[in-house]
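None of the figures in this text is laboratory data; all of them are computed from the coordinates on show. Nothing here was measured: the structure is a model prediction, and the numbers come from that model. Here the Cβ is made from the backbone with ideal geometry for all residues, glycine too, and neighbour counts use every protein chain on show.
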Amino acid sequence: MSDGTKQSDWTRPAAMAIPKGGVFEDRVEEGRYGPIFPKSPACYGFSILAKVIPGREERFYEHAKTLERAVADQPDCLAVLKLHYLRWLLLPIKGETYFMYQGIFDTDFDKYTEDAVALFTATALKTVFVNLEDFPTDWETNPRAFVKFVRDHHCPSFLEYGEYPYVSADEIKKALRLKAAFSNMLDEMQ
């Protein structure tokens, strides 16, 4: 089965073992900021682990509330990022606090990064990353510095699984809209 066929068969769950370093040596695709992480059955994504500047832990909780309000007020405020999900964790490690960011999205890493920088530069949302040690102060005008920070702190996964592999968030929402419309139509027929 070709890669194209594998990626279009959402009916069969799929798993992908990813080598150390997060890229397949035999098929590295160079993007604008270095190697593109592979699209897996869970789509694209990355995870970082970075040290929080001491004393700024509370800012992460405040920022989470800010994002919660922003999404409640304008549900599509993060739409440009083509997200499936985000997960943020604060981890205590040897008396210090680390931030883990995990995100799964539909665009490649370069596009996600450029869209994130543009979104956070243009809105009051900003980025909570400014509370991390070594985060570049020029991140708003220097996507390469932002990318370098993420790559330096990236913890590549070594297995990714998708129950409905390679399906975009837009396709999922479209299917759910169709399901709702069909359900409404059946309700009207009763």
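If a/c stays under 1.5 just call it rounded; otherwise compare a/b with b/c (prolate if a/b is bigger, oblate if not). Do that for segment 69-123, with a ≥ b ≥ c from the square roots of the Cα gyration tensor eigenvalues. Prolate is the answer for segment 69-123, as a/c is 1.5 or above and a/b outweighs b/c.
In segment 1-136, a dipole from Cβ-located charges (positive for Lys and Arg, negative for Asp and Glu) runs towards its positive end, and of Ala70, Val80, Leu119 it is Ala70 whose Cα lies farthest in that direction. Against the chain, whose longest principal axis comes from its Cα atoms, helix 57-73 is set at around 30 degrees.
The gain in end-to-end length when the Leu90 to Asp108 segment is fully stretched comes to 3.9 nm, 0.36 nm per residue minus the alpha carbon separation. Remark: for residue pairs Lys51/Lys126; Lys65/Lys126; Lys51/Lys111; Lys20/Lys148, the C-alpha separation exceeds 21 Å in Lys51/Lys111.
Think of it as helices only: each DSSP H run of n ≥ 4 in the chain is worth -39500 (n - 2.57), and spread over all residues that comes to -11500 deg cm²/dmol at 222 nm. Whole-percent P(r), segment 119-166, all Cα pairs, 10 Å bins from 0: 22, 40, 23, 15.
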